[in-house]
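This is the structure I want to talk about, given as structure tokens.
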Amino acid sequence: MSRAPAIPDPITGELLTQADVERRMLTLVVALEDGVGELDGLALSAAAAEADYRLTRDTALVRIAADSRAVGDKMTVGERDALAETLAADEFRRWKLVDARVRSKREYLHSLRAALDTLRTVAANIRAQT
């Protein structure tokens with residue numbers, strides 16, 4: 001009686017059959033599809049957070065310029081920018097945190113794709129044994 005072609009799992013040492021590899025591939029495909037959907041939502045959140053930050057910062061710059069003119073106070077461009085950044089610090093932090101999640105999710109998806117490519121190679125090697 002002939003056994004199905006198999007190769008050893010590099011981590012556990014157990015023999016992997018074509019069916020095992022295909023199950024693992026399906027698991028990765030589902031995770032990849034879910035992750036792409038999550039990335040879409042995160043990217044939208046990051047865009048909204050960036051828009052909120054820029055609006056808050058620009059509004060602060062306009063107010064600072066108007067206030068300094070009203071009282072005859074002279075501020076350098078650097079001072080105005082620093083004050084506007086301080087007034088928009090919460091929005092900036094939110095934007096950067098969401099942006100970091102976007103980058104992290106992209107890296108996760110890249111890892112899933114690499115794992116899927118590896119399993120494709122394993123599946124081809126198993127098929128080649130027949």
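Bear in mind that the values in this text are calculations on the coordinates, not laboratory data. None of the values given here were measured: they were computed from a predicted structure.
Between region 90-107 and region 1-44, how many Å separate their Cα centres?
Centre-to-centre distance over Cα atoms comes out at 29 Å.
What angle, in degrees between 0 and 90 and rounded to the nearest 10, separates the Cα long axis of helix 77-87 from the longest principal axis of the Cα atoms of the chain?
60 degrees
Can I ask one more? Find the Rg to Rh ratio for the chain, where Rh is the Kirkwood radius over alpha-carbon pairs and Rg uses the same atoms.
The Rg/Rh ratio comes out at 1.40.
Another question, if that's okay. What are the residues whose amide H is under 5 Å from the amide H of residue 16, where those residues sit 5 or more places off or on another chain and H is modelled from the backbone?
Under 5 Å from the amide H of residue 16 lie the amide H atoms of 7, 9, each far enough along the sequence or on another chain.
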